[in-house]
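J.: The structure's right below; bear with me while I get my questions together.
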Amino acid sequence: MTTCLTTDGGLSLRPWADSDVRAVREAFAAPLMIRQFGSVPPGPTVDDAAAADWIARRTAERAAGTGYSWAVTGDGALLGCVAVSQLAPAHDGGWVSYWTLPAVRGRGVARAALRALTAWCFTDLGLHRLELGHRTDNPASCRVAGAAGFAVEGVQREKLRYDGVRHDVELHARLATDR
């Protein structure tokens, strides 16, 4: 199985490493990023222990073949994350997600990483269908999905709840047969 990927823009996608603790902690300190953490950290911010646990969970998912999370890097610096999870082998599908650090948003990092991940999922994992969702009040994420070839399939009403507020989610999907 491939251990590193390269994007069309020269970025690298690699598995998370124990040495990424500081970068993960700093990434999740950005406004609203705690929502992407995937579990409730022990406090209002992600400390070194929580960041190490996050990396350990990504590493365990990779080892078990249940999910593949990649650190997106450029010139050795962490820029973001792209992942496929919720693998459904019976249906050849998976759920993709992505995030970038505030300093590189709008520069094509997420788009390039998502394209590389998508190609890898279709070729190396043999998946047929990939899905992703974003809050309807997140047009930047919608642009990333569209630029990576993910078609809009509908809106999931009030799917997410953050700080007591419900958010609609727009669902996108891409098939291996899409061009």
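J.: Given the criteria in contact (Cβ under 8 Å) with a residue 40 or more places away in the chain and either surrounded by fewer than 15 Cβ atoms within 10 Å (Cβ to Cβ) or hydrophobic (A, V, I, L, M, F, W, C) (or both), does residue 144 qualify? Break it down stepwise before answering.
T.: Numbers: in contact (Cβ under 8 Å) with a residue 40 or more places away in the chain: yes; either surrounded by fewer than 15 Cβ atoms within 10 Å (Cβ to Cβ) or hydrophobic (A, V, I, L, M, F, W, C) (or both): yes.
Yes: the conditions hold for residue 144.
J.: Take the conditions modelled with pLDDT of 95 or more, closer than 26 Å to residue 25 by Cβ and part of a strand (DSSP E or B) and apply them to residue 72. Does it pass? Steps first, please.
T.: Details: modelled with pLDDT of 95 or more: yes; closer than 26 Å to residue 25 by Cβ: yes; part of a strand (DSSP E or B): yes.
It is true that residue 72 is modelled with pLDDT of 95 or more, closer than 26 Å to residue 25 by Cβ and part of a strand (DSSP E or B).
J.: Filter segment 110-137 down to the residues that are under 21 Å from residue 14 (Cβ atoms) and among the β-branched types (Val, Ile, Thr) and list them by number.
T.: 118, 123
J.: A further question on this structure: Taking into account only those residues within segment 168-179 that are closer than 17 Å to residue 97 by Cα and without any contact (Cβ under 8 Å) to a residue 40 or more places away in the chain, which is surrounded by the fewest Cβ atoms within 10 Å (Cβ to Cβ)?
T.: 168
J.: Within segment 72-94, how many residues are more than 17 Å from residue 55 (Cβ to Cβ), buried (at least 17 other Cβ atoms within 10 Å of the Cβ) and out of contact with any Gly (no Cβ under 7 Å at 6 or more places or on another chain)?
T.: Qualifying residue count, segment 72-94: 3.
J.: Considering only segment 154-161, I want to know if a residue exists there that is surrounded by fewer than 22 Cβ atoms within 10 Å (Cβ to Cβ), touching a residue at least 40 places away in the same chain (Cβ under 8 Å) and basic (Lys, Arg). Lay out the reasoning, then the answer.
T.: Kept after step one, since they are surrounded by fewer than 22 Cβ atoms within 10 Å (Cβ to Cβ), are these residues of segment 154-161: 154-161.
Applying the additional criterion that residues be touching a residue at least 40 places away in the same chain (Cβ under 8 Å) yields none.
No, the conditions are met nowhere in segment 154-161.
Yes/no matrix, rows are residues, columns are (1) over 24 Å from residue 27 (Cα atoms); (2) assigned to a strand (DSSP E or B); (3) out of contact with any Gly (no Cβ under 6 Å at 6 or more places or on another chain):
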site	(1), (2), (3)
97	no, yes, yes
112	no, no, no
125	yes, no, yes
134	no, yes, yes
137	no, no, yes
141	no, no, yes
144	no, no, yes
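The values are calculated or read from the model by the stated rules, or taken from the named source; none is laboratory data. Note that the structure is a prediction, hence the values are computed from the model and not measured. Backbone-built Cβ (ideal geometry, glycine too); neighbour counts: all protein chains shown.
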